[in-house]
Amino acid sequence: MVIFAYYWCYLVAFLFGSINGENIHYGTPRNPCAADRVPGGSSSGSAVAVGALLVDFSIGTDTGGSVRVPASYCGIFGFRPSHGIISTSGVIPMAQSFDTVGWFARDPTILSRVGRVLLRMPELVPVKPSSIIIAEDCFQLSSIPYDLVNRVVIKAVEKLYGGNVLKHEILGEYVKANVPSLNHFLTQENTDQLYNIPSLAALSSAMRLLQRFEFKNNHAEWVSEVKPDLGPGISERVADALKTTGEGIDICHSIKGELRDALTALLGDLGVLVIPTVPGPPPKLQTNASELEIFRARAFSLLSIVGVSGFCQVNIPLKMYNNLPLSISLVAGHGADGFLLQLVESLSGKIKEEEITQSKA
């Protein structure tokens with residue numbers, strides 16, 4: 001019962017507004033990169049165990065970002081697989097249109113070895129990507145200087161694969177033009193967010209609505225009977241979720257299909273999208289929620305790209321910036337998990353070499 005309560009508190013906290021990993025009931029795992037910063041999301045305990053050198057790898061669940069965010073905050077690799085490619089049998093469902101089982105590692109080789117087991121894949125053969133697309137507008141959401149990240153990543157790509165594979169895209173405009181059902185969520189509120197990308201803010205709104213609806217279907221009876229002791233703010237969000245109706249749910253499913261088709265057309269079989277995992281370094285512990293509103297909105301806009309499409313995504317840690325962890329993400333098409341794992345093994349080593357080279361310059 002204690003294990004279930006611990007898992008429940010983290011799960012609910014993440015889905016309904018927290019990507020911090022703070023827990024008033026059982027304590028907050030200590031971020032091994034920055035003790036005064038949050039560890040991130042519901043699988044933060046798993047990420048902390050890897051980052052603190054306690055284990056070589058660990059697993060976690062990712063519905064809205066619970067592997068990707070802790071991996072970024074704790075300075076390690078984190079892999080969210082294509083939706084549905086790894087069985088979630090035995091996992092308490094949160095929102096089954098988004099639930100995945102992912103994993104963490106400090107080393108890209110270990111990350112790949114674990115992936116081959118979980119994905120039941122043979123030895124991976126290196127394959128050159130057809131394109132590596134930098135989502136320029138997404139990097140404008142990050143507080144980390146754009147050139148600081150991309151001069152390392154771009155140089156590494158050029159040295160490994162040649163400059164002809166590099167492309168640039170304004171992802172928000174591409175999504176807006178190719179996901180027509182998203183117009184339903186392009187409200188004045190999302191459009192007026194000067195600090196965000198309207199189409200991705202709308203994508204986040206659609207994702208959150210479907211998550212709340214599925215959460216209600218999965219857990220409304222349990223919440224009503226058990227009446228769990230939820231933390232501040234969480235109980236109100238759960239109550240709101242239990243009021244969710246079926247209005248707009250069909251549109252959410254249409255958006256999922258349209259986005260998958262659009263991104264498949266953009267990336268092809270061997271293309272990769274480069275985005276920030278999160279909008280910046282981990283926030284300080286016990287930061288007031290209102291102060292994090294813009295950060296959270298940007299984070300969920302970025303996280304919804306893979307959440308809604310069902311594609312696979314890997315967090316790649318970079319060097320520390322102002323003594324805080326920094327990372328990027330690579331995104332590949334649904335079912336391209338093996339290709340993405342192989343790419344991480346090849347590219348991450350070259351990125352490290354480039355970081356060392358530039359630090360000596």
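The values are calculated or read from the model by the stated rules, or taken from the named source; none is laboratory data. Not measured: the values here are computed from a predicted model. So basically every Cβ, Gly included, is an ideal-geometry build from the backbone, and we count neighbours across all protein chains shown. Keep in mind that these areas ignore ligands, DNA and RNA; they rest on the heavy atoms of the full protein, side chains included. Shrake-Rupley method; radii C 1.70, N 1.55, O 1.52, S 1.80 Å.
Remarks
- Condition check for S304: at pLDDT 90 or above, buried (at least 22 other Cβ atoms within 10 Å of the Cβ) and polar (S, T, N, Q): yes
- Hey, L341 in contact (Cβ under 8 Å) with a residue 40 or more places away in the chain and open to solvent by 10 Å² or more (accessible area, probe 1.4 Å) or not: no
- From the list S301, S290, S329, S346, the lone residue that is in a helix (DSSP H, G or I) and touching a Pro at 6+ places or on another chain (Cβ under 8 Å) is S346.
- Which numbered condition M207 misses (of (1) over 23 Å from A289 (Cα atoms); (2) surrounded by 19 or more Cβ atoms within 10 Å (Cβ to Cβ); (3) not β-branched (V, I, T)): (1)
- Candidates in the range 88-118 are the residues that are of a type in the set (G, A, S), surrounded by 17 or more Cβ atoms within 10 Å (Cβ to Cβ) and outside any helix (DSSP H, G or I); of these, the one that is modelled with the lowest pLDDT is A95.
- Within the range 244-255, considering residues that are out of contact with any Ser or Thr (no Cβ under 7 Å at 6 or more places or on another chain) and open to solvent by 40 Å² or more (accessible area, probe 1.4 Å), the one nearest to V308 (Cα to Cα): H253
- Qualifying positions in the range 48-69 - under 8 Å from the mean Cα position of the chain (by Cα) and closer than 18 Å to R113 by Cα: V67
- Subset of the range 28-42 that is open to solvent by 10 Å² or more (accessible area, probe 1.4 Å) and without any contact (Cβ under 8 Å) to a residue 60 or more places away in the chain - its residue that is nearest to the chain's Cα centre (by Cα): S42
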